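Worksheet: one structure, shown below.
The values are calculated or read from the model by the stated rules, or taken from the named source; none is laboratory data. For clarity, every value in this text was computed on a predicted model and none was experimentally measured. With ideal geometry, Cβ positions are generated from the backbone for all residues, glycine too; neighbour counts draw on all protein chains shown. The accessibility values were calculated without ligands, DNA or RNA, using every heavy atom of the protein model including side chains. Shrake-Rupley method; radii C 1.70, N 1.55, O 1.52, S 1.80 Å.
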Amino acid sequence: MQNDKFAAPPAGFTSAPPQPGYPQPEPAQTYPQSGYPPQGYPQPQPGYQPEPAYPPAGGYPQPGYPQPGFVQQGNPPQFYGQGQPPPPVHNYGAMPPHHPPHQDGTTTVVPPNGCFSRNQRNKPQSNAVGAAGLIFISGGMNIAWCIGFRGPIFYSSTLHNFIAWFIAAIIGAVISCFLTNRIPKKFILLFSALLVTIGGVVMGAIRANGGAVVAASYLDGIGNGLVFAPFVALAGEVSIPYMRGMVTASLEQMCFGIGIFLQIIYTSSWTYSYYTSSGSFTAENLKGILSAIYGLLALGLGALMTIESPVITLAKGDEPGAIDALRRLQRPYTLTNDTYEQLAEHKRYLAHNKDISTSQSIMQALPAFLRLTYLRAMNALSISYFVIVVLSVAIVSNYRGGSATGWLVGFGICRWIGNFISTFIMESVGRKKPLLLGLLVCSCLAFAIGSKYSVYYGMSGVTILMLIFQVFAGMAFVSTSPYLSEAYPLGVKQHFIAFTFIAEMIVFIIVSSAHFNLYDGGNYFYVVGGFYLFGFLAGIFCLPETRLTTLRGAQEKFNGFINRSF
């Protein structure tokens, strides 16, 4: 029996006919009567085909994969470009894309080489949330107006006029908590852009009407509050791990900073004649026109370029929709293995959060909420009404107001430069290092400003210190934008982002409502310096570094209070 392949088949047994698509055996061979095989062995019958070797060469056919000899029918698979539907769920004669095995959430993602090519490939991710950035520019202009960067007012005003925008932003943020994942984010954006447009038209058309100014502030503030939490969360979910920091920071802190910068430039440069009447075109009217333009642009860009979160789409059971969203978030608009790897990571992120109950999500979110609320409150203190008053007093004391325009414009430039630097080094240096550096330097500068503040003896050097203070304050708080998109569990993410935003607005209201004592202005900076120093020391031990980390890994790093990683 050692040579079974030469043995005749058992009586009554016939070999199975050849199967189409499988390798066909060699033609039957007929041996001569003499020679091999030796005499005494059964001779092969005419037409007998020897059985193939056991096991067959190349292994057994695997179910679900094309079998040997498979011939593709029809057209070969194509990549699907923009506007084409995603491919149906079946194989085209090739192995399906490889899904990575389950990995630890803290595994970092290595970005591809080349900054320019990396940015071009992932440009649709920033475009998907860019319309919200236009709304935030309008919000930044209103923040600057509320804290003191405004021209002469020709109507009767009260404190309510200057805090109305902050109150409206809180109202919008509260409403957004009830709309979480119930209404598509595109519709929320379009409604908010419409509110900003109407508010801008009202502000641009009025003349010396305090009630209309309050109404316009409410419309703009509600629009900003509505869009803040959904789109900060969306920016983190549409971004690849090595682009999340820059996308979220560009969306929120950079755009608010640009709005503040624009408002400072044209209000400080605006000249009024001695005979200016209440019916003249003022800086407030220009702010309204610019806000209306931003609102209209946000309407157009939001309708054309906003892409819903693939995470939420997948959570609703629409996997083809999630795949299509991932396809449109990278250039070229084709399905690749990276698309399916991102889909697999989103599934792991959803599975991780699905096992967490609402009460557990709240408990996990509280440590991150306390840390981020503290940082956002410090952000409000760095550019509050008191800061602007101290700057104005220093300019008048040192320069008799003669060069006020240059110092005010420099103030806006320095704040924006800090935002710009931190945004574009975030993915190479990380979030934690710029934040801690900014807090430490701002703490030292705040103590220096407090020590030099004196109405009686002059304020030599205070204006320079104020400008440097704004550079490092701008650097410090940019990192809070990606932290907001990463820190909270998925089930309560938008709610806690809104709560953090509300806490920041409350700080603005408190400082704007407080009475400023001209002779004790330095005490404010002593307090701010102490807060910043505490934030620096606490940040060393409590803030995680989430650069190049998946959403799941970043969320795990925020669990608990202690995290000394850099």
Protection proxy ranking of 295-301, 559-565 - average other beta-carbon atoms within 10 Å, highest first: 295-301, 559-565
Rounded Å value of the spacing that divides the Cα centres of the stretch 339-397 and the stretch 228-249: 12
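Per residue, how many Å² of accessible area does the stretch 385-520 show with a 1.4 Å probe?
Details: 4740 Å² over 136 residues.
Heavy-atom SASA per residue in the stretch 385-520 reads 35 Å².
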Spin-label model distance (nm) - residue 269 vs residue 289, 7 Å beyond Cα toward Cβ: 1.4
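Please state the relative contact order of the stretch 278-397 as a whole percent: Cα pairs under 8 Å, 6+ residues apart? List each step's numbers first, then the result.
Values: 36 pairs, mean separation 17.0, N = 120.
Averaging sequence separation for qualifying contacts and normalising by length gives 14 percent for the stretch 278-397.
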Most to least packed among 353-361, 159-167 [average Cβ atoms within 10 Å]: 159-167, 353-361
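Given R₀ = 30 Å, FRET efficiency for residue 156-residue 399 by Cβ-Cβ distance, to 0.05? Spell out each step's value before the answer.
Working: r = 32 Å, r/R0 = 1.05.
Working from the Cβ atoms, E equals 0.40.
List the equivalent ellipsoid semi-axes of the stretch 347-458 in whole Å, largest first, each obtained as the square root of 5λ for an eigenvalue λ of the Cα gyration tensor. Mind dumping the intermediate values first?
On the way: eigenvalues 325, 57, 31 Å².
Over the Cα atoms of the stretch 347-458, the ellipsoid semi-axes are 40, 17, 12 Å.
One quarter of the convex hull surface, Cα atoms only: what value does that give for the stretch 290-399 in nm²? If you can, show how the numbers build up before the last one.
Values: hull surface 50.6 nm².
Averaged projected area of the stretch 290-399's Cα convex hull equals 12.7 nm².
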Where Rh is the Kirkwood radius over Cα pairs, Rg/Rh for the stretch 447-566: 1.06
Over the stretch 362-419, volume per residue of the alpha carbon convex hull, in Å³: 83
Share of pairwise Cα separations in the stretch 206-303, more than 19 Å, in percent: 56
Packing-based ranking, highest mean first, of 517-525, 423-431, 475-483, 197-205 given that Cβ atoms within 10 Å are counted: 475-483, 197-205, 423-431, 517-525
Potential extension, residue 454-residue 359 segment - 0.36 nm per residue separation minus Cα distance: 29.1 nm
Label-point gap, in nm, between residue 566 and residue 389 - each point 7 angstrom along Cα→Cβ: 4.0
